[in-house]
Amino acid sequence: MPIDEAAVAALAERRIGPEHKGMPPASWGRTVREFLRTEPTLDQLETPVLTVDHAAVTANIAIMAEWVRAAGVRLAPHGKTTMAPRLWADQLAAGSWGITLATIWQTQVARSFGVARVVLANALVDPVGLRWVAAELERDPSFEFFCWADSAETVALMDAHLREAPGRARIRVLVELGGPHGRTGARTVEQAHAVARAIGAASRLTLAGVGGYEGALAHDRTPAGLGAVRDYLRELARLHRELAAAGRYRYQVLVTAGGSAYPELAVEYLAPLSDESGSHGVATTVVLRSGAYVIHDDGFYASMSPLAAPGCARPLRSAMHGWARALSRPEPGLALLDAGKRDLPFDEGMPIPQRVAGTRGGALDATVSALNDQHAFLRLPRGAATELPIGAVVRLGLSHPCTAFDKWRLIPVIDDADAPVPRVVDLLHTFF
């Protein structure tokens, strides 16, 4: 079983309280299940509030599952995007191969919900975390865990810590290849070979493949940006082929890249590797780690994802919205809303005013020019004072689900964000 469904279902028995932002006092003390029995609607919640659109999430999961199947690769979606076990379970039920995470603590959260296969897309040199992984592998031999290393020093430190760890289980480690001015990762294929040799010589580690993250090398779809990504993926494929030809692998291996911005390029360069396994006697699994697709957005990923490009028969669509109330109209052309940096993402673009709640259609002609901790500066055309009265609620499109979800511990799921009065059909627990 890829996840413990009983543990996920038990989240519905957790009680709501004042620590859950946006939830009305009438919900406090009730379990999620009890609150949902009251058939709540969005207008009964407090502002500001973040919501998830159920229909959009369901469609996004199905679209990505079909896309990776057609591409001939596997998907281990990045769970740190949402840190929501309910969504992880839905992604795994749709065919995801595993869950990717970024920290050992996130991995421990996943294991508390029984996630059976984890890719830690990072190096692990924390001694407490390494000992925990070793103990977990000893306790549950069916648990599959992979992490990364990008230097011989990292490998030596891991192996030293693991000598004091219980059991004899080996941790599977991927060589991480980086790129110029990127994030982590060996900067050249030659350096990566040295890392692979170090892993092969370690007493408690096993070389399990190669991986990396192309999204750190570009932030747009200009020819230069796409060229940088292509060059990197070409080198990642080269590294894997050279390690296989040198006989470095002993067991089934992973080749993994592919965030949410350039997954089609990862498929172009890496998918063929799974067809070459027979030549070196080692089965190769190509795994994408796209995570933002499940929520998508109205900003960065809307402009970057090939699955949202014009002409897509079934495009991804944003499943998240912010809802904020006008508190003040202190001067012409300005409204202050009750949502700020502590409520909404802003690192990949400001929130996008879409419409006034309680109406269907009718785009709001406004922009958000700045966020303070608890306020948004909404700029309106002069003379629009009567179009947005104090107390009106504005629906906001958002950019970057990773930095939206981390601000909320309980997120209302609504049936239709376009409805005049959306119904609350579920509550998502997050673990940040």
statement: Among the residues of region 249-264, the number that are assigned to a helix (DSSP H, G or I) and touching a strand residue (DSSP E or B) at 6+ places or on another chain (Cβ under 9 Å) is 1
message: Can you confirm whether Ala376 is farther than 30 Å from Val68 by Cβ, in contact with an Asp or Glu (Cβ under 6 Å, 6 or more places away or on another chain) and either open to solvent by less than 50 Å² (accessible area, probe 1.4 Å) or at pLDDT below 95 (or both)?
response: no
- request: Please specify each residue of region 103-120 satisfying the condition of being under 27 Å from Gln191 (Cβ atoms), open to solvent by 20 Å² or more (accessible area, probe 1.4 Å) and not in a helix (DSSP H, G or I).
  value: Thr103
Residues satisfying the stated conditions in region 389-432, i.e. out of contact with any strand residue (DSSP E or B) (no Cβ under 8 Å at 6 or more places or on another chain) and in a loop (DSSP other than H, G, I, E, B): His400, Asp406, Asp418, Ala419, Pro420, Phe431, Phe432
- prompt: within 21 Å of the chain's Cα centre (by Cα) and acidic (Asp, Glu): does that describe Asp43?
  reply: no
- prompt: Would it be correct to say that Leu217 is in contact with a helix residue (DSSP H, G or I) (Cβ under 7 Å, 6 or more places away or on another chain) and either of a type in the set (Val, Ile, Thr) or surrounded by 13 or more Cβ atoms within 10 Å (Cβ to Cβ) (or both)?
  reply: yes
query: Considering region 232-251 alone, what residues qualify as being under 21 Å from His181 (Cβ atoms) and touching a residue at least 40 places away in the same chain (Cβ under 8 Å)?
result: Tyr232, Glu235, Leu236, Arg238, Leu239
- prompt: Do we have Phe113 as free of Cβ contacts under 8 Å to residues at least 40 places away in the same chain and of a type in the set (Phe, Trp, Tyr) here?
  reply: no
- line: Checked against (1) small (Gly, Ala, Ser); (2) touching a residue at least 24 places away in the same chain (Cβ under 8 Å); (3) assigned to a loop (DSSP other than H, G, I, E, B), Gly311 satisfies every condition except (2)
- prompt: So which residues in region 402-430 are open to solvent by 40 Å² or more (accessible area, probe 1.4 Å) and not basic (Lys, Arg), if there are any at all?
  reply: Asp406, Asp415, Asp416, Asp418, Pro420, Val421, Val425, Asp426
statement: Filtering region 352-366 down to residues that are in contact with a strand residue (DSSP E or B) (Cβ under 8 Å, 6 or more places away or on another chain), in contact (Cβ under 8 Å) with a residue 24 or more places away in the chain and within 22 Å of Ala55 (Cα to Cα) yields Ile352, Pro353, Gln354, Arg355, Val356, Ala357, Gly358
field: Pair list, Cβ under 6 Å, 6 or more apart: region 324-351 residue over 30 Å from Gly215 (Cα atoms), other residue acidic (Asp, Glu) and at pLDDT 95 or above
entry: Ala324/Asp338; Arg325/Asp338; Leu327/Asp338
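Residues to consider are Arg248, Arg329, Arg317, Arg289; find the one that is buried (at least 18 other Cβ atoms within 10 Å of the Cβ), under 20 Å from Asp53 (Cβ atoms) and not β-branched (Val, Ile, Thr).
Only one candidate qualifies: Arg317.
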- prompt: For residues in region 369-415 being among the basic types (Lys, Arg) and farther than 20 Å from Tyr301 by Cβ, which is farthest from the chain's Cα centre (by Cα)?
  reply: Arg382
message: If I ask for residues that are within 22 Å of Phe405 (Cβ to Cβ) and either in contact with a strand residue (DSSP E or B) (Cβ under 8 Å, 6 or more places away or on another chain) or open to solvent by 70 Å² or more (accessible area, probe 1.4 Å) (or both), which ones from region 14-30 would you list?
response: Arg14, Arg15, Ile16, Pro18, Glu19, His20, Lys21, Gly22, Met23
- prompt: For region 367-374, does any single residue satisfy the condition of being in a loop (DSSP other than H, G, I, E, B) and touching a strand residue (DSSP E or B) at 6+ places or on another chain (Cβ under 8 Å)?
  reply: no
- request: Name the residue, out of Asp343, Asp338, that is acidic (Asp, Glu) and within 22 Å of the chain's Cα centre (by Cα).
  value: Asp343
task: Starting from region 209-226, take each residue that is in contact (Cβ under 8 Å) with a residue 12 or more places away in the chain and list its partners that are outside any helix (DSSP H, G or I) and open to solvent by 60 Å² or more (accessible area, probe 1.4 Å), counting only C-beta distances under 7 angstrom and pairs at least six apart or across chains.
output: Tyr213/Arg183; Ala216/Arg183
query: Only one residue in Ala55, Ala70, Ala65 is among the aliphatic types (A, V, I, L, M), without any contact (Cβ under 8 Å) to a residue 40 or more places away in the chain, open to solvent by 30 Å² or more (accessible area, probe 1.4 Å) and more than 24 Å from Arg172 (Cβ to Cβ), so which one is that?
result: Ala70
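The values are calculated or read from the model by the stated rules, or taken from the named source; none is laboratory data. Just so it is clear, the structure is predicted and the values come from calculations on it, not from any experiment. Note that we place each Cβ from the backbone using ideal geometry, even for glycine, and neighbour counts take in every protein chain shown. Ligands, DNA and RNA are excluded from the accessible area calculation, which covers all protein heavy atoms including side chains. Shrake-Rupley method; radii C 1.70, N 1.55, O 1.52, S 1.80 Å.
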